[in-house]
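Asks: Please read through the structure below; I'll follow up with questions.
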Amino acid sequence: MLEKRILLIVSGGIAAYKSLELIRLLKRQDIAVRAVMTGSAHEFVTPLSLGVLTEDQVYGDMFDLKEEREIGHIQLSREADLIVICPATANIIARMAGGIADDLATTILLATDKPVLAVPAMNVRMWGHTATQRNIARLGKDGVDVMQPDEGGMACGEYGPGRLPEPPDIAERICALLNAPFDPALAQARGPSAIPAGPLTAQPDFAPDAKRPLHGKRILVTAGPTREAIDPVRYIANRSSGRQGFAIAQAAAEAGADVTLIAGPVHLATPPGVIRIDVESAREMQDEVGRALPADVAIMVAAVSDWRAAESAGQKIKKDGSGDVPPLELTENPDILAGLAQHAKRPELLVGFAAETEKIVEHARAKLERKRCDWIVANDVSGDVMGGANNAVTLVTAEGHEAWEDAPKDVVARKLIARIGEKIGQSE
Ligand code: CTP
């Protein structure tokens, strides 16, 4: 049988050293590897290491006359069965998503008609950034196979998704894409390594932290206001800033949960490691909540608009000059929290928020019973809570209630997540 060939593009990230291990594993599976480096990859691995392991020339310079005359960038792609970018940094992912061809690697990627696998590795915040997630989604639509990064401690000291998957897992995925048999024993076997010793192999290696209180739990959070269209330019909304909900999503992710954040229109950065889905109206939010199930816990922090225009006009409503004011008829929005309490996939713990201006506990308890949720976090919104940095809340449960002292929203978030951890988290 003919040997399968991959073209491995190594871009410049701290995980580049793992591409050396990958080459070794692939060769053991009888897969030939030819390597292309981006400019910044040279900061992390040397052409010599890649050349020794691939037993081939290493390519990198688009305008190297000798390289281009001898093989050419089109030829590099033509001779491969699969192109693998490993590690794929946020930068090369962005260039690919934008169709930019400004070096040999991205020119090959734009010119190729071969299947492409991207193996991302980057800092957790870069991975969680809306721009990166948008680019990843773009690559998926463009037909690029993108591996999910591993979650764990990072070389930069942070924690979350963004670590390069382990080389045996990457090798397995490559074999699957090539329709080549994969021998896991062979991949794991410790043979004499051709990887040069020294700083390249001395990178920190963190184990995923299975001990964090919400490890493996799926948590759904809604946040922000909703926006209900009156016509294409006007809407009904409220003063919610989304800050409390975003802080809760962040605290849950830091506690190890897989967090989906369904956010109304707000200008806040996505917390690292959190999957964010942006919505506008209550009905969109309700649809996305349904789609995000199952979840172990749902925390409904959003200030959902109670009403929407009975009919939203397709065109801008114009003044007719008569001085008459157009009637604005409202209709009630679905209650997302109450609906979730009745849902076949009701989360084990359902937490609602209650914005109250008087009789806080009394109203919150009535809300808990009416909406059939497990806890209500009641806050007094008579001050500047909506949009402010602090929050004074009262946690109301079936057993009783406790008032927490006024604190910054991230402190309130961590306290709530700690409580949730005690209730449903790991016993350790
Ligand atoms: N909520 C919801 N869907 C709605 C309205 C509210 O899911 N259509 C949720 C909020 O996310 C929050 C809780 O219900 O978790 C309470 O929201 P709040 O605005 O305080 O209560 P209302 O239902 O609007 O009740 P009231 O108008 O009596 O205060």
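Asks: Given springs between every Cα pair under 10 Å in a Gaussian network model of the chain, which of Thr130, Thr357, Thr222 has the largest fluctuation?
Replies: Judging by the Gaussian network model, the answer is Thr357.
Asks: Cα-Cα over 21 Å: which of Lys217/Lys423; Lys359/Lys423; Lys217/Lys415; Lys27/Lys141; Lys18/Lys141; Lys114/Lys141? Working shown, then result.
Replies: Working: Lys217/Lys423 12 Å; Lys359/Lys423 27 Å; Lys217/Lys415 17 Å; Lys27/Lys141 31 Å; Lys18/Lys141 27 Å; Lys114/Lys141 16 Å.
Check vs 21 Å cut-off fails for Lys359/Lys423; Lys27/Lys141; Lys18/Lys141.
Asks: Taking H as built 1.01 Å from N, whose amide H comes closer than 5 Å to the amide H of Val144, not counting residues under 5 places away?
Replies: none
Asks: Continuing with this model, one more query. Considering only the other residues whose Cβ falls under 13 Å of the Cβ of Trp404, what net charge follows from Lys and Arg at +1 and Asp and Glu at -1? Display every interim value, and only then the final one.
Replies: Numbers: positive: Lys409, Arg414, Lys415, Arg419; negative: Asp380, Glu402, Glu405, Asp406.
For residues surrounding Trp404, the net value is 0.
Asks: Continuing with the same structure: Given the alpha-carbon gyration tensor of the chain, what are the semi-axes of its equivalent ellipsoid in whole angstrom, ordered largest first, with each equal to the square root of 5 times an eigenvalue?
Replies: Details: eigenvalues 495, 143, 60 Å².
Whole-Å semi-axes of the equivalent ellipsoid: 50, 27, 17.
Asks: Specify the angular offset, from 0 to 90 degrees and rounded to the nearest 10, of the alpha carbon long axis of helix 282-292 from the longest principal axis of the alpha carbons in the chain.
Replies: For 282-292 against the chain, the angle is about 50 degrees.
Asks: A further question on this structure: Test of understanding: what is the full-extension gain from Ala137 to Asn390, defined as 0.36 nm times their sequence separation minus their Cα-Cα distance? Please report the intermediate quantities before stating the final value.
Replies: Values: separation 253, 0.36 × 253 = 91.08 nm, distance 3.52 nm.
Here the segment from Ala137 to Asn390 would lengthen by 87.6 nm.
Asks: With springs connecting C-alpha atoms under 10 Å apart, model the chain as a Gaussian network and identify which of Lys367, Lys217, Lys316 has the largest mean-square fluctuation.
Replies: So, out of Lys367, Lys217, Lys316, the one fluctuating most is Lys316.
Asks: Ratio of segment 4-188's C-alpha Rg to 2.2 N^0.38 Å, to two decimals?
Replies: On the way: Rg = 15.3 Å, N = 185, 2.2 N^0.38 = 16.0 Å.
Cα-based Rg divided by the globular estimate yields 0.96.
Asks: Let me have the 222 nm mean residue ellipticity of the chain computed from DSSP H runs of 4+ only, each contributing -39500 (n - 2.57), with the sum over all residues rounded to the nearest 500.
Replies: Values: 15 runs with 140 residues, N = 428.
Helix contribution divided over all residues of the chain: -9500 deg cm²/dmol.
Asks: Work through the residues other than Pro294 whose Cβ is under 15 Å from its Cβ and net out their charges, Lys, Arg +1 and Asp, Glu -1. Intermediate results must be reported in sequence, preceding the final value.
Replies: Working: positive: Lys217, Arg218, Arg291, Lys345, Arg346; negative: Asp258, Glu288, Asp296, Glu348.
Local net charge: +1.
Asks: Which percent of the accessible area of segment 2-127 is formed by carbon and sulfur heavy atoms (probe 1.4 angstrom)?
Replies: Details: 2760 of 5030 Å².
C and S fraction of accessible area: 55 percent.
Asks: How would Val351, Val304 line up by accessible area, probe 1.4 Å, largest first?
Replies: From most accessible down to least: Val304, Val351.
The values are calculated or read from the model by the stated rules, or taken from the named source; none is laboratory data. A quick note: this is a predicted structure, and the numbers were derived from the prediction, not measured. All Cβ positions, glycine included, derive from the backbone under ideal geometry; neighbour counts span all protein chains shown. Heavy atoms of the whole protein, side chains included, go into the accessibility calculation; ligands, DNA and RNA do not. Shrake-Rupley method; radii C 1.70, N 1.55, O 1.52, S 1.80 Å.
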